[in-house]
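Since the structure comes first, as structure tokens, the remarks are kept for the end.
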Amino acid sequence: MSNKGRFITFEGVDGAGKSTHLAWFVEALRQRGIEVVLTREPGGTPLGEQLRELVLHQPMHMDTEAMLMFAGRVEHIEQVIKPALERGAWVVSDRFSDASFAYQGGGRGMDITRLSALEDWACRGFQPELTLLFDLPVEVAKLRLADAREPDKFEREQSGFFQRVRDAYLQRARQQPQRFAIIDAAQSQEQVRAQLKAVFDQL
């Protein structure tokens with residue numbers, strides 16, 4: 001394997017089952033002797049975790065929400081992601097900038113050109129090498145969320161919101177097919193794991 005650090009993100013609507021499979025993926029990399037930094041958005045840094053609490057639980061204008069997300073992302077890139085990549089570690093993040101286009105763009109209806117301007121300003125062209133998009137029908141995701149922990153403000157949204165989020169994710173994947181691998185998250189855990197293993201073997 002190359003000593004070059006690699007940046008991989010997991011994306012998908014709430015209820016897609018990312019967390020379970022993300023843990024398996026990271027452990028599989030570590031068993032190969034790779035240093036892995038597991039992180040998340042919103043969050044990833046002390047400031048990012050404080051912003052996470054605000055974004056997930058406080059009502060706010062969608063513009064404020066988007067700007068807080070990208071403010072936390074700047075810190076995440078500069079304090080965690082880039083330093084890890086520079087020393088040869090692999091970084092696996094539960095969400096990154098695609099989530100802003102899905103949730104604030106698709107879900108909230110924020111103008112995509114404004115989000116793109118924020119992304120250009122905050123990320124300066126920095127993107128994951130690979131994004132695994134866990135895709136499944138909204139009704140399945142909602143059923144899974146019904147059995148989950150106390151929901152945050154996004155998880156309490158109605159089905160129409162989640163459909164717009166899903167559509168925005170899929171549109172983003174169509175626009176950047178070289179970066180995205182779509183995982184059919186509606187299948188059984190074993191079938192999803194098989195899809196992930198195929199991606200892992202290619203890596």
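Tabulated values for the structure
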read-out	value
ARG52 being without any contact (Cβ under 8 Å) to a residue 40 or more places away in the chain, surrounded by fewer than 19 Cβ atoms within 10 Å (Cβ to Cβ) and of a type in the set (D, E, K, R)	no
Residues of segment 138-181 satisfying the condition of being under 25 Å from ASP111 (Cα atoms) and among the hydrophobic types (A, V, I, L, M, F, W, C)	VAL138, PHE154, PHE161, PHE162, VAL165, ALA168, LEU170, ALA173, PHE180
Selection count where residues are assigned to a helix (DSSP H, G or I), open to solvent by 10 Å² or more (accessible area, probe 1.4 Å) and farther than 28 Å from GLY15 by Cβ, scope segment 64-97	7
Which listed residue is open to solvent by 20 Å² or more (accessible area, probe 1.4 Å), over 15 Å from SER97 (Cβ atoms) and free of Cβ contacts under 8 Å to residues at least 40 places away in the same chain, from GLU139, GLU157	GLU139
Single match in ALA181, ALA186 (criterion: out of contact with any Ser or Thr (no Cβ under 6 Å at 6 or more places or on another chain), of a type in the set (A, V, I, L, M) and in a loop (DSSP other than H, G, I, E, B))	ALA186
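The values are calculated or read from the model by the stated rules, or taken from the named source; none is laboratory data. Keep in mind the model is a prediction, meaning the values are calculated, not measured. Glycine also receives a Cβ, built like all others from the backbone with ideal geometry; neighbour counts cover every protein chain displayed. Each accessible area value is taken on the protein alone, full model and side chains, heavy atoms only, with ligands, DNA and RNA left out. Shrake-Rupley method; radii C 1.70, N 1.55, O 1.52, S 1.80 Å.
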